[in-house]
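**Student:** Here you go, one structure.
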Amino acid sequence: MAEKLWRSLEELRSLSGPDAAEFTETPLETAGGPDRRGFLKAVGFTFGASMLAGCSRTVPRIEPNLVQPEGFIPGRPVYYTSVCGGCGAACGTLVKVRDGRPIKLEGNPEHPASRGGLCAVGQASILGLYDSQRVAQPLIEGKAAGWEQADALIRSRLDEARKNGGAVRLLTASVNSPTESVWIRRFLEGFRNARHVEYDALSSSAILDAHEQTHGARILPRYRFDKADVIVSIDADFLGTWISPVEFARGYADSRNPQGSRYAWHAQVEPRMSLSGTKADQRVVLGPGEIADFVTDLAGAVRTGNSSRAVVTAIAGRLREARGRSLVVCGSQDTATQVLVNQINEALGNYGPTIETDHASRQRRGDDRALESLIEELRGGHVDVLIVAGANPAFDAPGGDAVAKAKFLAVHAERMDETASKANLICAASHTLESWGDAEPVEGTASIVQPCIRPLFQTRTLLEALAGWSGKPAAALDLVRDQWQKEIYPKAKPNLPFDRFWEKALQDGFVQYEPGARMRAAAKPREQKEPARIPRSEGFDVVLYAKTALFAGRHAYNPWLQEVPDPISKVAWDNYACLGPQAAAKLGVKTGDYVRVECGGQTLDLPALIQVGSTRRNCRDRPGLRQQTLDALRQGRA
Amino acid sequence: MNTRIATIVLAIGLGVSFVLLAARIGKLHLPGNQQGYAPAQPIAYSHLLHAGDMQIPCLYCHYPAQSSRHAGVPPANLCMNCHREVTASLGAMHAEDELAAKENRKPRRVVSSELKKLYDALALDANLQPDPGKEARPIAWNRVHTLPSFVYFDHRAHITVGVACQQCHGPVETMVRVRQFSDLSMGWCVNCHRQATAQGVGGRQVNAPVTCSTCHF
């Protein structure tokens with residue numbers, strides 16, 4: 001008989017004892033349920049309420065088009081290609097539009113990066129369009145205003161800064177739109193002291209910094225999981241939340257096809273059970289303090305073939321056998337660790353086959369050091385005008401509260417978030433499904449963001465706002481079209497006139513072209529640093545991670561995503577602290593008990609959840625792992 | 001004694017209420033049943049005139065019924081196919097023509113009060129040309145046939161198989177104002193589906209399913 005597998009601790013207990021079966025023979029407990037009178041009351045009330053509801057008659061109306069466009073039939077959906085605005089990964093989407101309203105998002109199967117996939121966040125992002133709590137018009141000091149007033153206010157502040165050489169800062173999440181990048185540059189050109197800072201709540205800054213050291217360009221390469229035969233992921237949940245999970249999951253599925261010719265081998269090194277960890281052929285559980293040591297050991301073993309640790313030797317052996325067909329990825333926030341990872345990949349000859357620097361990714365461009373220096377400037381009161389667009393630093397950037405210290409804070413936001421509530425001026429932003437725009441998730445693959453409905457409120461896209469503030473107001477469609485005619489059309493070299501090329505790009509949902517080859521420098525860093533080691537301490541390590549459906553909390557307003565159970569913990573809603581079974585036993589904590597987490601001078605009371613996978617039997621004997629791993633979920637506004 | 005009087009008074013009251021209500025009992029509907037509903041419409045459009053006297057086929061205006069789940073209310077530009085020329089009743093237009101011939105002048109355009117609403121909705125001027133000074137406003141018709149949102153109904157399947165519009169909607173070509181003819185209840189749907197499967201539609205064998213998921217999913 002095959003070994004019976006279990007999926008939760010409760011199931012494991014029921015497998016070992018007959019009395020804990022799913023359906024018990026003993027009658028259900030009735031205590032606490034309604035008594036007879038209460039039941040009758042409830043029935044009576046329900047019946048009465050339903051009768052009352054039946055009495056009112058709302059008159060539904062039909063408002064047909066006055067002039068119906070040819071080919072449009074009420075009740076028949078039309079599909080448009082667009083780009084998902086759920087995160088920076090910019091997956092291609094097909095938007096189902098019925099009677100003029102977008103009703104469903106699906107992946108665009110033709111899109112070369114996402115290839116038909118769309119994650120839960122993307123699927124649910126359509127709810128954001130119809131969110132009644134969106135900012136419907138510009139707000140000046142919290143009071144509703146028109147765009148003329150808002151423009152006049154920000155123009156006067158910008159003119160002042162232009163005259164006096166005041167500091168103007170633009171803070172955004174990673175900008176994956178080529179047209180937006182151009183307009184940000186044009187907008188900031190007019191100032192003597194202006195800077196654009198990009199940051200990501202789920203930062204990959206260390207990877208970019210490491211490539212600046214080893215390859216001479218601050219880029220995020222494109223990882224090709226579809227071309228790898230051996231995958232080693234070090235604390236990177238690439239199937240769940242890391243950089244571009246849909247693209248990576250699609251590629252991973254290709255290289256691990258049981259019916260196909262090859263089945264990639266996958267090792268996951270991580271301190272907590274992640275979605276990628278559940279799929280791994282070998283899972284190595286390490287505390288967050290041991291990741292740097294592991295990478296150093298692995299780098300040595302890849303060079304020499306030997307390591308003091310058997311597990312490292314085995315993984316390095318697999319990697320050495322698959323030179324040029326392997327892939328090592330790492331989610332560490334430490335640049336020196338990432339430099340080591342780059343050296344491992346370079347030694348294995350992975351740059352080129354499985355790690356593409358010629359088609360660099362624009363999905364994460366954030367720079368943590370730039371953000372830190374901006375926060376310093378803000379704290380010192382040196383910023384005259386701060387414009388925040390598409391980001392919520394007061395919520396998800398360390399020290400982001402400092403945005404309130406800017407002399408004038410303008411926020412381009414869809415809803416009243418932590419940053420917007422501190423703003424002098426809120427520019428109401430359009431939802432992706434209402435906007436013209438473009439996106440280039442990886443160099444050489446560009447898509448047009450196509451609106452599927454007119455803006456429901458008095459909102460603008462960031463492009464329109466930037467053009468307006470630069471003194472050249474124009475519609476987003478014209479801005480994008482112009483940019484494509486000038487930049488992308490010549491690069492794509494189609495045998496088509498531009499109008500036809502534009503139509504085809506809209507219809508296909510993407511355009512591919514060959515970007516210029518990047519100079520490849522030797523993988524020798526300018527300065528070799530020791531990877532930063534987290535000091536060992538008595539007690540627990542706290543691992544903060546992004547939940548699969550909520551990421552860093554940007555979509556916390558979205559009830560669909562709050563209701564999605566986490567694929568590992570199976571918990572929907574709310575914030576919680578995962579504890580390994582041994583750690584919980586030691587502390588005498590059960591699932592549901594409240595624990596107080598103290599870390600970095602901050603405390604948080606959270607319900608505990610006993611989660612296997614953080615500490616496993618094979619790790620208990622490891623001498624370094626005396627301290628158990630404590631995973632705390634940072635979910636958001638719960 | 002007092003109790004007896006009270007009982008008699010109550011009994012008589014009960015009896016009178018019954019007699020009064022008995023006349024209305026036949027008209028009582030269950031909640032949600034809107035049989036006989038015939039709301040006034042923003043434009044007094046007559047199906048008797050168009051579908052009855054003029055014999056315009058149903059699908060000329062309600063063309064989406066063949067290709068979509070909704071039959072739909074036609075867009076105003078479809079009305080203009082005819083009403084660019086026909087601006088009032090035939091009688092009124094003839095009368096104006098005769099009068100013009102008598103007075104030896106060109107006939108003036110006569111516009112009926114109901115058609116004026118259509119032209120206003122489309123923001124047209126007196127010569128039926130677009131008037132930039134006016135604002136076009138869609139016409140908000142009152143929906144007559146409404147199904148609850150938990151029911152999926154598709155016109156396509158019924159039209160394709162050859163079910164006459166009148167079978168569900170009644171003699172619309174005789175209605176000045178559209179009235180809900182059937183009760184549109186589930187029992188009514190299921191009965192018709194059973195009958196259609198047993199007897200066929202228009203002499204053709206059909207399979208009208210009666211599984212739950214046909215309409216509820």
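**Student:** Tell me which helices (runs of 4 or more DSSP H) are completely within segment A:55-169 and hold 1 or more residues being without any contact (Cβ under 8 Å) to a residue 12 or more places away in the chain and either in contact with a Pro (Cβ under 9 Å, 6 or more places away or on another chain) or at negative phi (or both), or say none if there are none.
**Tutor:** In segment A:55-169, the matching helices (runs of 4 or more DSSP H) lie at A:147-164.
**Student:** Any idea which of A:Glu372, A:Glu418 is assigned to a loop (DSSP other than H, G, I, E, B), of a type outside the set (Lys, Arg) and surrounded by fewer than 21 Cβ atoms within 10 Å (Cβ to Cβ)?
**Tutor:** Matching residue, one of A:Glu372, A:Glu418: A:Glu418.
**Student:** From the list A:Val589, A:Val595, A:Val564, A:Val571, which one is at pLDDT 80 or above and touching a helix residue (DSSP H, G or I) at 6+ places or on another chain (Cβ under 6 Å)?
**Tutor:** That would be A:Val564, the only listed residue that is at pLDDT 80 or above and touching a helix residue (DSSP H, G or I) at 6+ places or on another chain (Cβ under 6 Å).
**Student:** Within segment B:34-57, track down each residue that is closer than 28 Å to B:Thr160 by Cβ and within 12 Å of chain A (Cβ to nearest Cβ).
**Tutor:** Listed by number, the residues that qualify are B:Gln34, B:Tyr37.
**Student:** For the condition touching a residue at least 60 places away in the same chain (Cβ under 8 Å) and more than 21 Å from the chain's Cα centre (by Cα), what is the one hit in A:Ile184, A:Ile207?
**Tutor:** A:Ile184
**Student:** Can I ask one more? Of the residues that make up segment B:58-79, is at least one loosely packed, with under 12 Cβ neighbours inside 10 Å, away from chain A (no Cβ under 14 Å) and not β-branched (Val, Ile, Thr)?
**Tutor:** no
**Student:** Only one residue in A:Val121, A:Val135 is under 30 Å from A:Tyr223 (Cα atoms), away from chain B (no Cβ under 14 Å) and modelled with pLDDT of 90 or more. Which one?
**Tutor:** Within the list A:Val121, A:Val135, the selection yields A:Val121.
**Student:** Please go through segment A:598-613 and pick out each residue that is at pLDDT below 80 and out of contact with any Pro (no Cβ under 7 Å at 6 or more places or on another chain).
**Tutor:** A:Glu598, A:Cys599, A:Gly600, A:Gly601, A:Gln602, A:Thr603, A:Leu604, A:Gly613 - these are the residues of segment A:598-613 that are at pLDDT below 80 and out of contact with any Pro (no Cβ under 7 Å at 6 or more places or on another chain).
**Student:** In segment B:127-184, what residues are surrounded by 12 or more Cβ atoms within 10 Å (Cβ to Cβ), acidic (Asp, Glu) and within 13 Å of chain A (Cβ to nearest Cβ)?
**Tutor:** B:Asp154
**Student:** Can you find, within segment A:112-124, the residue that is nearest to A:Ala253 (Cα to Cα) among those that are touching an Asp or Glu at 6+ places or on another chain (Cβ under 9 Å) and not small (Gly, Ala, Ser)?
**Tutor:** Step by step, filter segment A:112-124, then rank; the result is A:Arg115.
**Student:** In addition: Could you list, in sequence order, the residues of segment B:94-124 that are in a loop (DSSP other than H, G, I, E, B), surrounded by 13 or more Cβ atoms within 10 Å (Cβ to Cβ) and over 27 Å from the mean Cα position of the chain (by Cα)?
**Tutor:** Residues satisfying the conditions are B:Pro107, B:Val110.
**Student:** Among the residues of segment A:308-317, how many are buried (at least 21 other Cβ atoms within 10 Å of the Cβ) and of a type in the set (Gly, Ala, Ser)?
**Tutor:** The total comes to 1.
**Student:** Here's a follow-up. I need the helices (runs of 4 or more DSSP H) fully contained in segment A:465-510, keeping only those with at least 3 residues that are touching a residue at least 24 places away in the same chain (Cβ under 8 Å), in contact with a Gly (Cβ under 7 Å, 6 or more places away or on another chain) and not polar (S, T, N, Q).
**Tutor:** none
**Student:** Filter segment A:56-100 down to the residues that are more than 9 Å from chain B (Cβ to nearest Cβ) and loosely packed, with under 13 Cβ neighbours inside 10 Å and list them by number.
**Tutor:** A:Ser56, A:Thr58, A:Pro69, A:Glu70, A:Gly71, A:Gly100
**Student:** Please find, among A:Ala53, A:Ala20, A:Ala31, the residue that is exposed (fewer than 15 other Cβ atoms within 10 Å of the Cβ), touching a helix residue (DSSP H, G or I) at 6+ places or on another chain (Cβ under 6 Å) and at pLDDT below 85.
**Tutor:** Step by step, each of A:Ala53, A:Ala20, A:Ala31 is checked, and only A:Ala20 is exposed (fewer than 15 other Cβ atoms within 10 Å of the Cβ), touching a helix residue (DSSP H, G or I) at 6+ places or on another chain (Cβ under 6 Å) and at pLDDT below 85.
**Student:** Can you tell me which residue among A:Leu378, A:Leu327 is assigned by TED's automatic domain parsing to the domain that holds A:Lys163, buried (at least 21 other Cβ atoms within 10 Å of the Cβ), closer than 30 Å to A:Ala173 by Cβ and of a type outside the set (Val, Ile, Thr)?
**Tutor:** Answer to the selection: A:Leu378.
**Student:** Next question. Can you give me the number of residues within segment A:439-458 that are in contact with an Asp or Glu (Cβ under 9 Å, 6 or more places away or on another chain), not in a loop (DSSP other than H, G, I, E, B) and not small (Gly, Ala, Ser)?
**Tutor:** 4
**Student:** Going through A:Asp209, A:Asp229 one at a time, which residue ends up being touching a Lys or Arg at 6+ places or on another chain (Cβ under 8 Å), surrounded by fewer than 22 Cβ atoms within 10 Å (Cβ to Cβ) and closer than 19 Å to A:Ala347 by Cβ?
**Tutor:** A:Asp229
**Student:** Where residues in segment A:395-411 are modelled with pLDDT under 90 and not charged (D, E, K, R), which of them is farthest from A:Glu376 (Cα to Cα)?
**Tutor:** For segment A:395-411, the residue satisfying everything is A:Phe395.
**Student:** OK, next. Find the helices (runs of 4 or more DSSP H) located wholly in segment A:283-365 whose residues include 3 or more that are among the polar types (S, T, N, Q), and list them.
**Tutor:** A:335-347
**Student:** Check every one of the helices (runs of 4 or more DSSP H) wholly within segment B:19-93 and list those with 3 or more residues that are farther than 17 Å from B:Ala121 by Cα.
**Tutor:** B:58-61, B:64-67
**Student:** Out of all the residues in segment A:189-198, is one or more within 18 Å of A:Val329 (Cβ to Cβ) and touching a residue at least 40 places away in the same chain (Cβ under 8 Å)?
**Tutor:** No: zero hits.
**Student:** Taking segment A:284-306, which residues are farther than 19 Å from A:Asp541 by Cα and either among the basic types (Lys, Arg) or surrounded by fewer than 21 Cβ atoms within 10 Å (Cβ to Cβ) (or both)?
**Tutor:** Across segment A:284-306, the qualifying residues are A:Thr296, A:Asp297, A:Gly300, A:Arg303, A:Thr304, A:Gly305, A:Asn306.
**Student:** Also, I was wondering about something else. For segment A:276-283, does any single residue satisfy the condition of being over 15 Å from A:Ser233 (Cβ atoms), out of contact with any Leu (no Cβ under 8 Å at 6 or more places or on another chain) and crowded, with 21+ Cβ neighbours inside 10 Å?
**Tutor:** Scanning segment A:276-283, I find no residue that is over 15 Å from A:Ser233 (Cβ atoms), out of contact with any Leu (no Cβ under 8 Å at 6 or more places or on another chain) and crowded, with 21+ Cβ neighbours inside 10 Å, so the answer is no.
**Student:** Also: State whether one or more residues within segment B:154-175 are closer than 20 Å to B:Pro31 by Cβ and of a type in the set (Val, Ile, Thr).
**Tutor:** No, there is no match, as no residue in segment B:154-175 is closer than 20 Å to B:Pro31 by Cβ and of a type in the set (Val, Ile, Thr).
The values are calculated or read from the model by the stated rules, or taken from the named source; none is laboratory data. The shown structure was predicted, so the numbers you read here are calculated from the model rather than taken from an experiment. Virtual Cβ from ideal backbone geometry, glycine too; neighbours counted across all protein chains shown.
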